[in-house]
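Report on one structure; see the data block that follows.
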Amino acid sequence: MMAFDYNSPAELFMPKHKGIGRRAAPHYRRFATAGEAIRFAVEEMPAVRTLGAWMQVGEDRFNSDEITELYESSEYPLQRDVSR
């Protein structure tokens, strides 16, 4: 994976499924740093992969698998939840 700035602001989008056959607007949350967004996605939303969440950092978009890769990277700057 390319060099990634965990200190950049980030936006996290989580699909919201409401009703059959209708797509509702996704839940949206803004974070001061990508590291915080990644931690929230992985630790607070354990179903991040099945929910199809994605993160926007500047012009770059990361899918749920990429978010998990960034969390598991040796470069990840925040303390991980060891009970996970």
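Nothing in this text is a laboratory measurement; each read-out follows from the coordinates by a stated rule. Quick caveat: nothing in here was measured; it's all calculated off a predicted structure.
Phi-derived couplings, Karplus 6.51 cos²θ - 1.76 cosθ + 1.60 at θ = phi - 60°, listed residue by residue for the range 63-68: 7, 4, 5, 5, 4, 5 Hz, with x used for Gly and Pro. Close amide H contacts of Y6 (hydrogens built in the peptide plane, cut-off under 5 Å, sequence separation of 5 or more or a different chain): none are found.
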